[in-house]
1. State all residues of segment 177-232 that are crowded, with 20+ Cβ neighbours inside 10 Å and aromatic (Phe, Trp, Tyr); if no residue qualifies, say none.
2. For segment 11-41, how many residues are open to solvent by 80 Å² or more (accessible area, probe 1.4 Å) and within 15 Å of LEU207 (Cα to Cα)?
3. When segment 58-76 is examined, which residues are found to be among the hydrophobic types (A, V, I, L, M, F, W, C), closer than 30 Å to HIS128 by Cα and touching a Lys or Arg at 6+ places or on another chain (Cβ under 9 Å)?
4. Looking at (1) part of a helix (DSSP H, G or I); (2) without any contact (Cβ under 8 Å) to a residue 60 or more places away in the chain; (3) over 24 Å from SER281 (Cβ atoms), which is the one condition that is false for HIS128?
5. Quick check on this structure: which one of ALA179, ALA205, ALA157, ALA191 is outside any strand (DSSP E or B), in contact with a Gly (Cβ under 9 Å, 6 or more places away or on another chain) and small (Gly, Ala, Ser)?
6. Give the residues of segment 233-247 that are assigned to a helix (DSSP H, G or I) and open to solvent by 30 Å² or more (accessible area, probe 1.4 Å), sorted by residue number.
7. Out of the residues in segment 58-85 meeting the condition of being over 15 Å from the mean Cα position of the chain (by Cα) and under 25 Å from GLY30 (Cα atoms), tell me which one is surrounded by the fewest Cβ atoms within 10 Å (Cβ to Cβ).
8. When only residues in segment 93-120 that are in a loop (DSSP other than H, G, I, E, B) and of a type in the set (D, E, K, R) count, which is surrounded by the most Cβ atoms within 10 Å (Cβ to Cβ)?
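The values are calculated or read from the model by the stated rules, or taken from the named source; none is laboratory data. What you are looking at is a predicted structure, and each value in this text was computed from that prediction instead of being measured. All Cβ positions, even for glycine, are placed from backbone atoms using ideal geometry, and neighbour counts span all protein chains on display. The accessibility values were calculated without ligands, DNA or RNA, using every heavy atom of the protein model including side chains. Shrake-Rupley method; radii C 1.70, N 1.55, O 1.52, S 1.80 Å.
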Amino acid sequence: MHSFRNDYSEGCHPNIIKALLDTNLEQQEGYGDDQYCQEAKELIKLKIKNQNADIHFVSAGTQANLIVISSILKPFESVISASTGHINVHETGAIEATGHKIETIFSEDGKLNPELIQSILEKFEDHHMTKPKLVYISNSTEVGTFYSKIELVNLSAFCKKNNLYLFMDGARLGSALCASINDLAFSDLSALTDVFYIGGTKNGALLGEAIIINNNNLKEDFKFHLKQRGALLSKGRLLGIQFRELFKENLYLDLASQANSMASILSSEIKNLGFEFLSESKTNQIFPILPNSIITELSKDFGFYVWKKIDNKNAAIRLVTSWATKKEVVEKFINTLKTIQP
């Protein structure tokens with residue numbers, strides 16, 4: 001059975017395994033002060049075109065979200081998120097556990113815009129309520145959509161005008177940047193957000209995310225937050241080596257392009273069979289709507305999540321491709337779907 005449940009079922013790209021083996025017996029400084037973390041940071045700074053950025057490596061996306069948000073907000077401040085946002089749905093109340101409320105907004109495509117955020121801000125009148133201070137967005141989103149440059153420019157300008165921080169969850173950033181009609185570059189993210197992170201776990205690394213702090217006001221004492229939350233690894237070299245491999249050439253984007261291309265084949269073939277989709281996705285997550293009878297048959301040979309009930313006879317499933325998804329597996333899925341159509 002092949003799994004389309006997520007993009008981290010495989011281990012990591014062979015280049016990373018080789019680099020870890022080649023450097024295994026070297027002695028390096030701990031807690032991210034090693035040679036490889038420094039090299040990885042310099043490579044990322046070149047990619048984002050921001051030598052002034054502070055870069056910190058952590059092990060996972062939930063950890064990144066928790067530490068960034070809790071480090072920024074005062075106890076009475078809250079974070080604005082789409083209702084589908086990862087921090088709201090799939091992080092076990094991690095943000096609320098730090099004492100910060102998540103103010104959610106329904107968004108059909110999983111993205112936020114100034115109009116939606118304004119509708120939230122108007123509800124908070126005085127000190128008897130929380131004070132929204134940070135806007136959380138994902139790129140790509142939890143429903144496979146992604147932000148265009150003009151959307152992010154407008155969102156950034158709105159946040160600055162309203163004294164809000166803008167934080168981008170980049171767990172699947174590679175997939176967003178490699179979408180067929182994407183016009184955002186790494187340098188745009190550095191210029192338009194206060195903080196964002198580059199996801200490695202879901203794009204070819206064993207584990208790891210790179211937090212990029214662009215706003216000078218948010219840099220001081222960040223390492224204290226990392227240590228307090230258990231994120232400052234004594235063997236930080238393990239993260240540095242991986243990001244050095246991902247960014248020393250173009251491997252990071254190459255792997256994301258591979259994942260997207262496999263999802264594109266799936267999406268095109270499923271559309272050709274006459275099925276509709278929950279959202280219009282150009283990334284590595286797609287959400288076809290299928291009859292329950294077909295879903296039952298497909299689940300005998302493939303792993304995936306039933307994402308949303310549409311009605312008593314149909315549901316949307318989520319199919320996720322990875323950097324390691326092979327074309328023959330995609331073709332097998334399509335051929336299987338063709339044979340079980342009603």
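1. Residues satisfying the conditions are PHE186, PHE196, TYR197.
2. 1
3. LEU66, ILE67, ILE72, LEU73, PHE76
4. Status for HIS128: all satisfied but (1).
5. Step by step, each of ALA179, ALA205, ALA157, ALA191 is checked, and only ALA205 is outside any strand (DSSP E or B), in contact with a Gly (Cβ under 9 Å, 6 or more places away or on another chain) and small (Gly, Ala, Ser).
6. Matches in segment 233-247: ARG237, LEU238, ARG244.
7. SER70
8. The extreme case among them is LYS111.
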